[in-house]
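The structure appears right after this line, and notes come after that.
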Amino acid sequence: MDSLLSIEDISMALSLDYECVFFVDIESDNYAMFAFGGNHKNLELSETSNFWADSRVNLETVVYEDDKAWFAENIATKENLVASVQNGNTFRGKYRIFANGTPVWYSMKVVRGQGKQRDYLIIGVTNIDKQERESLALKQKASKSELYGQIVMALAERYDALYMVDLETNHYVQYKSERVFCELSIALEGDDFFNQLKKDALSVIYKDDIPLLTAALERSVLLKELDDHGVFTFTYRLNSPDGPLFVKMVAVYSDKKHIVISVTNIDSQIRREQKIREEASIAYEKARRDGLTGIKNKTAYGEFEAKLNKQIQSGENVKFAIALCDVNGLKTVNDTLGHIAGDEYIRSASRLVCQTFAHSPVFRIGGDEFVAILRGSDFENRERLEKKFTEAVKENVDQHKVVVACGISVFDKDHDKDVSSVFERADALMYKNKMRMKNEHDEIIGTIIQSIGAKVTN
């Protein structure tokens, strides 16, 4: 192709934009190639200098497998390539060739040139591998972001508000928000999630929860929690037109560069659980209260006894005394005046025991039996309180009121292994006092019955 030598200067000018330039004689298929560097210096050229023949050789040896079909149809087939540049058209395409075992992206631009005697194809080839890989990476990232968006939108159906936070830029997007969140004027999108959160907290978070929430959602604190446990959850209250509203926040990584934060309205659930706990607490307390007197019952005493026994067995320095009290004449009152009068008699006895041992738990453990566990100041003042109780009973005798026998025993850590040992001694002392009072005051019961009977009748 001697007639082509005059285009060397043109080729050198094109070298600024192309790695390789081909001039192909359309009639003879001969060509001249000017390779200015890169991988095209290694292309195999046949002795015939036939462009299409050489193209078919390179198709099999250096063109990337996934691009071979495109290359064969558009480049290695003369009729198709020539037809694509008719009427002043320009052909453009992209393909990959192997270089050191790695596919490298190239773009090809083909135009038709006219000489005095022949027409030519002018083909410029440019290495676009860097640009193509960057473009592919951007597309993959966009596709990934789109996928995340689709996932988030699917998840949004389960939550009242959902946020996607980009940890590289702190940009965030709110994908969904129910009415209550819209009313709170939380920004739908922004470029500084963590600082925006602090600003929003001042107006939308219930005042008592602001310090805890803002501390928990410091960027470093949140990410450490996610790194350590994989999930972060926090329940707090929002300000709403109807008052504090309980919500639950859950944060998870979608990948190491993004976190998804969901917020769910759990107010009705929390309120329901609170009501259940309150009702359970009331039921629990009721099960441990004596219905007649309102003081603790035998069940509560059994639990208190078990707690004391555990302290004793663990070697704790436990100090306590048991005051066992028994109502005198209850059966006679019931038999004579009926159970309404008997109930009032029991309530009077309960008041006497509770007023005397005012700083100790008092239990009704039987129909006419009461137990006080003396601790603290009552334990220290037990002798004075026992004297006070005896004097109160004497006054009741004189005033024809309730009569109660009492026995007090102190826990001795050197001899007592459990509470029951102390209880037995108190019971013995109480019974001794009861018998003494019975012998001394049998005639008093009749007077008391008359007094109670008058009150019940009135």
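The values are calculated or read from the model by the stated rules, or taken from the named source; none is laboratory data. Since this is a predicted model, take the numbers as computed values, not measurements. As a convention, Cβ positions derive from the backbone with ideal geometry for all residues, glycine included, and neighbour counts pool all protein chains shown.
Observations, loosely collected:
- Pair list, Cβ under 6 Å, 6 or more apart: region 71-93 residue surrounded by 13 or more Cβ atoms within 10 Å (Cβ to Cβ), other residue among the basic types (Lys, Arg): Ala76/Arg56; Val85/Arg112
- Residue in region 39-59 that is modelled with pLDDT under 80 and small (Gly, Ala, Ser) present: yes
- Just one of (1) part of a helix (DSSP H, G or I); (2) of a type outside the set (Phe, Trp, Tyr); (3) at pLDDT 55 or above fails for Leu16. It is (1).
- Consider region 385-417 and keep the residues that are assigned to a loop (DSSP other than H, G, I, E, B) and among the basic types (Lys, Arg). The one that is surrounded by the most Cβ atoms within 10 Å (Cβ to Cβ) is Lys401.
- The residues of region 363-377 that are surrounded by fewer than 21 Cβ atoms within 10 Å (Cβ to Cβ) and either outside the structural domain of Phe423 (by TED's automatic domain parsing) or within 12 Å of Ile322 (Cα to Cα) (or both) amount to a single one, Arg375.
- If you go through region 85-97 and keep only what is touching a Phe, Trp or Tyr at 6+ places or on another chain (Cβ under 8 Å) and under 14 Å from Phe71 (Cα atoms), you end up with Gly93, Lys94, Tyr95, Arg96, Ile97.
- Members of region 195-209 found to be of a type in the set (A, V, I, L, M, F, W, C) and crowded, with 16+ Cβ neighbours inside 10 Å, listed by number: Leu197, Ala201, Val204, Ile205
- Residues (touching a residue at least 24 places away in the same chain (Cβ under 8 Å), more than 19 Å from Leu324 (Cβ to Cβ) and not in a helix (DSSP H, G or I)) located in region 266-291: Ile266
- Residue in region 389-436 that is modelled with the lowest pLDDT, counting only those that are of a type in the set (Ser, Thr, Tyr) and within 23 Å of Tyr301 (Cβ to Cβ): Tyr431
- Residue selected from region 150-176 under the condition of a type in the set (Phe, Trp, Tyr) and modelled with pLDDT of 75 or more, by the criterion farthest from Asn89 (Cα to Cα): Tyr163
- Of all residues in region 225-262 being of a type in the set (Ser, Thr, Tyr) and within 10 Å of the chain's Cα centre (by Cα), the one that is surrounded by the most Cβ atoms within 10 Å (Cβ to Cβ): Ser262
- Subset of region 84-111 (residues that are β-branched (Val, Ile, Thr) and either outside the structural domain of Phe23 (by TED's automatic domain parsing) or under 51 Å from the mean Cα position of the chain (by Cα) (or both)): Thr102, Val104
- Single residue of region 60-89 satisfying the filter (assigned to a helix (DSSP H, G or I) and of a type in the set (Val, Ile, Thr)) that is modelled with the lowest pLDDT: Thr61
- Condition broken by Leu147, with the remaining ones in (1) in the same structural domain as Val247 (by TED's automatic domain parsing); (2) at pLDDT 85 or above; (3) not in a loop (DSSP other than H, G, I, E, B) satisfied: (2)
- Within region 112-126, being more than 15 Å from Phe34 (Cβ to Cβ) and either basic (Lys, Arg) or surrounded by 15 or more Cβ atoms within 10 Å (Cβ to Cβ) (or both) holds for Arg112, Lys116, Arg118.
- Single match in Glu279, Glu316, Glu305, Glu285 (criterion: exposed (fewer than 11 other Cβ atoms within 10 Å of the Cβ) and charged (D, E, K, R)): Glu279
- Of all residues in region 255-265, exactly one satisfies the criterion of being outside any strand (DSSP E or B) and modelled with pLDDT under 85, namely Lys256.
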